[in-house]
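The values are calculated or read from the model by the stated rules, or taken from the named source; none is laboratory data. As the structure is a computational prediction, the values presented were derived from the model and not from experiment. Cβ: placed from backbone, ideal geometry, glycine included. Neighbour counts: every protein chain shown.
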Amino acid sequence: MSTLNDPRESTLVRQIVAALRATPGVVVRKRHGSSWSVAGDPDLYGSFRGRHFEIEVKRPGADGPTPLQQTRLQQWAAVGALVGVARSVDEALRIVGANGKVR
């Protein structure tokens, strides 16, 4: 369960994107829903040192990814992408393999 002290998901997304962009070798983009988007695709995608990643962002304490979101993450993982659910900046950095080291 989320608390009032937990950041909104949109705030957490901005924090994660800022941290990833500050990491050398990372290109990251936020997906925005449109008529061309695929339902369930993760919130963030990009590349770290040539390795594609997909990250679903969830607030700390919130429910996990939906079954459709889990399926999309599994599809990306099956083709070699780094995937995961991030509830913090540190988790997002670990998913891409940056080990929390932002320069």
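Annotations for the structure displayed:
- Count of residues meeting criterion [out of contact with any Lys or Arg (no Cβ under 7 Å at 6 or more places or on another chain) and of a type in the set (Gly, Ala, Ser)] in the stretch 38-56: 3
- In this entry, residue 19 passes the filter for residues that are touching an Asp or Glu at 6+ places or on another chain (Cβ under 9 Å) and modelled with pLDDT of 95 or more.
- Options 62, 81, 77; residue that is among the aliphatic types (A, V, I, L, M), more than 17 Å from residue 18 (Cα to Cα) and out of contact with any strand residue (DSSP E or B) (no Cβ under 7 Å at 6 or more places or on another chain): 62
- Within the stretch 43-66, one or more residues are among the hydroxyl-bearing types (Ser, Thr, Tyr), touching an Asp or Glu at 6+ places or on another chain (Cβ under 8 Å) and either surrounded by 15 or more Cβ atoms within 10 Å (Cβ to Cβ) or modelled with pLDDT of 95 or more (or both).
- Screening residue 12 with (1) more than 15 Å from the chain's Cα centre (by Cα); (2) crowded, with 19+ Cβ neighbours inside 10 Å gives one miss only, at (1).
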